[in-house]
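The values are calculated or read from the model by the stated rules, or taken from the named source; none is laboratory data. Nothing here was measured: the structure is a model prediction, and the numbers come from that model. Positions of Cβ are backbone-derived with ideal geometry, glycine not excepted, and every protein chain shown enters the neighbour counts.
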Amino acid sequence: MSEPRVAASSPNTVAPLIRVAGVTKRFGGVQALRGVNLDVLPGEVHALLGENGAGKSTLIKILSGVHACDQGVIEIDGARVAFDSPAKSRDAGIAVVYQDLSLVESMSVGANLMLGREPRTRVGFVKKRELMARVGEFLTAHGIPLDPRAMVGSLPFAYRQMTEICKALMGDVRVLILDEPTSALTGGEGEILFKAIRTVTDRGVGVIYVTHRLNEVFRISQRVTVFRDGANAGSYITADTSMKELVAAIVGSGHAALHAREVAMGTPRELGGGLGAKDQSAPVLAMSNVSNDRLRDVSLQVRKGEIHGLAGLIGSGRTEILQTLFGLRQVDHGTLAINGHRVERLTPAAAIGLGVALVPEDRHVEGLVLDHSIERNLTLPWLALFSRAGWLQSRAAAQQARSAMKTLAVKAPGPATQVKFLSGGNQQKVVFAKWSHPRPSLLLLDEPTVGVDVGAREELYAVVHDAARAGTGVLIVSSDLDELLRLCDRISIVVDGAVVNTVDRDSISNAEALHHLIQLPRFEDEHAT
C-alpha cells in the first residue's frame with residue numbers, strides 16, 4: 001500500500017483546539033484503532049472519512065467519554081485530557097450528534113432541546129413559556145423549520161434528526177462532532193444545516209464532520225482526514241484534493257468502487273437511462289388519484305424493470321407513498337393496482353403476498369431485529385416458506401441465509417451472527433437480503449444508503465441494478481439527489497402529499513436542476529396571483 005499523503009498541518013499558525021495523537025483501542029481480538037492522529041483548529045470544519053468499520057465511530061466514542069483509549073494522547077487547548085464518562089466530555093465542551101438519536105419521543109421539540117438546562121422557578125418548576133420562547137428564538141435565528149411545541153414522536157425521521165442536531169448546537173459547545181448529519185435531509189434542509197454550522201464556526205467552535213456524502217466534504221470542510229482499517233490513510237487540505245483521491249484513500253486504489261465511481265461520473269446516459277429491462281406492458285404499479293390522511297390524488301406508474309425515483313422536501317409525502325403501497329396506510333379514495341390486480345384493502349402481509357418488498361427509512365427500528373441473528377432476520381417475512389406443521393426448518397433457513405449473504409457480500413462470521421454486531425453497511429445488506437428470494441415484483445426503497453460507506457453503497461447500487469434487469473420495478477425515495485440521478489430512469493416530484501411532476505432522467509442535467517424542480521412548486525405558490 002502506498003504511503004498516505006499528509007497535508008500541511010494547517011494553513012496558519014493557530015494552535016489546535018483539539019489534538020489526537022497515537023490513539024489505539026482494542027476490543028478483545030479486534031484492533032479498532034492503530035495509533036490514529038487528528039487535530040481540529042478553532043472555527044474549522046474537519047471532515048473525517050472512512051468505510052464502515054474504519055474506526056471513525058470508535059474515535060468519536062473515545063472523545064465523547066463512552067470508551068477509554070488504550071494508548072495515545074488527547075489534548076484540548078494544549079492540555080492533556082482523559083474522559084471516563086460522557087458527562088466529563090460534555091463538561092469539556094464536546095458535543096456529539098450520533099446517527100442513533102437520543103431524543104425523548106414523548107416530549108416536545110423544545111423540551112428535548114432544553115433537557116437538563118430548563119429555566120426554573122425558585123421552587124423548581126419549569127418555566128414552560130420562557131423555555132418555548134428561547135427555543136423559538138434559536139430556531140428562527142438559524143432558519144430551522146421546527147415547531148418547538150411539536151411532539152418529537154410525531155415527527156418524520158429527518159425532523160427528529162434535525163432536532164438532535166439543534167440540541168447540540170444550543171449547548172455551550174467548543175468541539176461539535178456530527179456523525180452523518182444529513183443522512184435523511186434533502187438539499188434544502190442540508191443548506192439550513194450548513195448555515196447553522198457556519199454560525200457556530202464563526203464563534204470559534206471546531207467541527208468534526210463525519211459523512212459518506214463526499215460532495216458535502218468539498219462544500220463545508222477546510223481539511224479532511226481519512227481512516228482505513230483503524231489507521232490514518234491520508235490527510236488533505238480540501239481545496240487541494242479531489243473526489244477521486246479521497247475515494248482511493250477510503251477504499252484503496254484497487255477497489256472496484258473506485259472504478260464504479262469513475263464510470264458514474266460519465267455522461268447522463270451512463271448515469272441514468274437504460275438500467276432496467278423496461279416493459280411497456282401493464283405496469284407493476286398503477287396508482288390513480290390515491291388519497292388518504294397524507295396523500296392527495298397521487299397518480300403514479302412504475303413499469304417492469306424501471307427504477308423510479310421520488311424527490312421532495314422532508315414531510316412532502318415521499319415516505320407516505322411507500323407506506324401506502326406496503327399496507328401501512330390505507331387508501332381512502334382512488335384506485336391501486338399491483339401486477340394488474342386491483343387492491344381494495346392492503347395489509348403488509350397481503351403486500352408481501354403480491355410481491356411487494358419494503359426497505360424502510362430507519363433500519364434499526366423498522367427493518368431489523370438487532371438482537372436476532374442474520375438468519376432469523378432473513379427468514380422473518382417468509383416463515384411460512386420455511387415452516388412445516390408450525391416448526392421452522394432450520395437447515396433450509398440457514399442454507400437460504402448463507403446464499404443471500406454470499407449474493408450480497410454480507411461480511412459476518414456466519415448466519416448465526418447477531419445483526420447488532422454488524423457495520424451499518426452490512427446491516428443494510430441484510431435488510432436488502434430479506435427480499436432477495438423470492439425476488440419481488442415491486443421493490444420499495446426508502447433512503448436505502450443512509451449511513452452506508454462508499455464501498456458498500458456501490459454494492460447496494462449493483463443489487464438495485466440487478467433487480468431492475470431481472471424485471472423488478474423499483475420505487476426509490478432518497479434525499480441524496482445525486483443518488484436519484486445516478487439510479488433512476490424517471491423521477492417524480494412530491495409536494496404536500498401530491499405528485500406534481502414526473503420527468504425523464506435524461507432531461508435533468510445535474511442535482512442543482514433537480515433541486516430547482518423540487519423548489520419550483522413552492523415558488524409558484526408563494527408568487528401566485
task: State the number of residues belonging to segment 209-225 that are under 16 Å from the mean Cα position of the chain (by Cα) and over 16 Å from residue 60 (Cα atoms).
output: 5
statement: Only unsatisfied item for residue 436, checking (1) of a type in the set (Gly, Ala, Ser); (2) surrounded by 22 or more Cβ atoms within 10 Å (Cβ to Cβ); (3) without any contact (Cβ under 8 Å) to a residue 60 or more places away in the chain, is (2)
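Hey, could you check segment 340-378 for residues that are part of a strand (DSSP E or B) and β-branched (Val, Ile, Thr) and say which is farthest from the chain's Cα centre (by Cα)?
Of segment 340-378, the ones part of a strand (DSSP E or B) are 341-342, 356-359, 373.
Subset that is β-branched (Val, Ile, Thr): 356, 359.
Working: 356: 23, 359: 13 Å.
Result: 356.
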- prompt: Is there a residue in segment 168-175 that is under 29 Å from residue 312 (Cα atoms) and out of contact with any Lys or Arg (no Cβ under 9 Å at 6 or more places or on another chain)?
  reply: yes
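Considering only residues that are among the small types (Gly, Ala, Ser) and either over 30 Å from residue 75 (Cβ atoms) or touching a residue at least 40 places away in the same chain (Cβ under 8 Å) (or both), which ones fall in segment 88-115?
Taking segment 88-115 and keeping what is among the small types (Gly, Ala, Ser), we get 89, 92-93, 95, 102, 106, 108, 110-111.
Result: 92, 93, 95, 102, 106, 108, 110, 111.
So which strands (runs of 3 or more DSSP E) stay within segment 7-91 end to end and still have 3 or more residues that are in contact with a Cys (Cβ under 7 Å, 6 or more places away or on another chain) and farther than 16 Å from residue 222 by Cα? Spell out the reasoning first.
Details: elements: 18-27, 30-40, 45-49, 71-76.
In segment 7-91, the matching strands (runs of 3 or more DSSP E) lie at 18-27.
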- prompt: Among the residues of segment 291-317, which ones are modelled with pLDDT of 95 or more and not in a loop (DSSP other than H, G, I, E, B)?
  reply: 291, 298, 299, 300, 301, 302, 307, 308, 309, 310
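Residue-by-condition table, conditions (1) surrounded by fewer than 18 Cβ atoms within 10 Å (Cβ to Cβ); (2) aliphatic (A, V, I, L, M); (3) within 30 Å of residue 361 (Cβ to Cβ):
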{"residue": "60", "(1), (2), (3)": "no, yes, yes"}
{"residue": "73", "(1), (2), (3)": "yes, yes, no"}
{"residue": "79", "(1), (2), (3)": "yes, yes, no"}
{"residue": "88", "(1), (2), (3)": "yes, no, no"}
{"residue": "110", "(1), (2), (3)": "no, no, yes"}
- prompt: Taking segment 136-161, which residues are in a helix (DSSP H, G or I) and more than 21 Å from residue 323 (Cβ to Cβ)?
  reply: 136, 137, 138, 139, 140, 141
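So is residue 337 assigned to a helix (DSSP H, G or I) and either free of Cβ contacts under 8 Å to residues at least 24 places away in the same chain or surrounded by fewer than 21 Cβ atoms within 10 Å (Cβ to Cβ) (or both) or not? Step through it out loud before you land on a result.
Working: assigned to a helix (DSSP H, G or I): no; either free of Cβ contacts under 8 Å to residues at least 24 places away in the same chain or surrounded by fewer than 21 Cβ atoms within 10 Å (Cβ to Cβ) (or both): yes.
When the stated conditions are applied, residue 337 does not pass them.
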